[in-house]
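Input: a single structure, listed below in C-alpha cells.
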Amino acid sequence: MLGDPDAPVTVTEYADLQCPYCKDASDTVVPEIVERYVRSGRAKLVFRDVAFIGDDSLRAGQLAAAAGRQDRAWQFIHLFYVNQQAENSGYVTDDFLRAVAGGVAGLDVERAWAERGDASYQSAVEQARQEWQRWFGPQPGTPAITVGRSGGTPTALPSGATADDIGEAIEQAA
C-alpha cells in the first residue's frame, strides 16, 4: 500500500511484475495518480500481485512482498519494472533479483531474501487472483484497476484505464 492508510478512496492495481503492460502503466499512469491523489491523501494505492505469467513472476513477487515488510515494496516494484526484460525469458535469476533489491535504498536485502519464501505470500497471491477474476472475469488482463471508497465495494475499470479515467473514478468514489 502506498499513501495514507486512512485515505477515503482505495485504488487497487492487479498486476504481474513480468507484464509489459503493467510496466507501461507503472511508467505512465501510476506516477500521475500518485502525484494527483496519493500524495494529497485523497486516495491510497494498493498493489495486488497476481503472478500469473510464470514461475519467474512468483519469484519476483515473493521478493517484492518481502520488501514490502520493510516498507520498500513500491521502490522494489519500480526498479524491477525499470529493469524488466522479455517475459518468461529466464532473466529473473537470483543474481537479477539481488541486483534489483540491492538498488532499493534502505532495503535490508539479506532479510528480504530470507523472508521471500514465507507461506503468507502464496496465500496473498491466491486471494489476489480470486479477487482479480471476480472483478474482471475468468480471463482477466493486467494491469487491472478497481477504485472505490475505502472499506466499500470497488468498481472495476475497463482495461487500459488512463490516469484521467482513474482520476474520474476517484472523484466519483470520494
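Rule-based calculations on the coordinates, nothing more; no lab input. These numbers were taken from a predicted model, which means no experiment stands behind them. Note: ideal-geometry Cβ built from the backbone for every residue, glycine included; neighbour counts use all protein chains shown.
Numbers at a glance
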read-out: Relative contact order [Cα under 8 Å, 6+ residues apart], the chain, whole percent; value: 31
read-out: Extreme residue, positive dipole direction of the chain, given options Leu45, Ile33, Thr162 (C-beta unit charges); value: Leu45
read-out: Distant-in-sequence amide H partners of Thr155 (H built 1.01 Å from N, under 5 Å); value: Val147, Gly148
read-out: Per residue, the convex hull volume that the Cα atoms of the chain enclose (Å³); value: 106
read-out: Rounded Å value of the spacing that divides the Cα centres of the stretch 65-81 and the stretch 24-64; value: 10
read-out: Note, ³J(HN,Hα) from phi for the stretch 69-76, Karplus 6.51, -1.76, 1.60, rounded to Hz, x at Gly and Pro; value: 5, 10, 6, 10, 4, 5, 5, 5
read-out: Table column - 3J(HN,Hα) (Hz), the stretch 158-170, Karplus curve with 6.51, -1.76, 1.60, x for Gly and Pro; value: x, 3, x, 4, 8, 4, 5, 4, 5, x, 4, 5, 4
read-out: Under the Debye formula (equal points on every Cα, no solvent term), log10 I(q)/I(0) of the stretch 84-150 at q = 0.18, 0.20, 0.28 Å⁻¹; value: -0.99, -1.06, -1.11
read-out: Cβ crowding within 10 Å averaged over residues, with 83-94, 5-16, 34-45 ranked highest first; value: 5-16, 34-45, 83-94
read-out: Of all DSSP beta bridges in the stretch 9-173, antiparallel share, percent nearest 5; value: 55
read-out: Amide proton proximity set for Arg48, modelled H, under 5 Å, gap of 5+; value: Glu13, Tyr14, Ala15
read-out: Karplus 3J(HN,Hα) series, Hz, for the stretch 104-110 with 6.51 cos²θ - 1.76 cosθ + 1.60 (x for Gly, Pro); value: 8, 4, x, 8, 7, 4, 5
read-out: Net +/- balance of residues flanking Val82 in space, Cβ distance below 13 Å, scoring K and R +1, D and E -1; value: -1
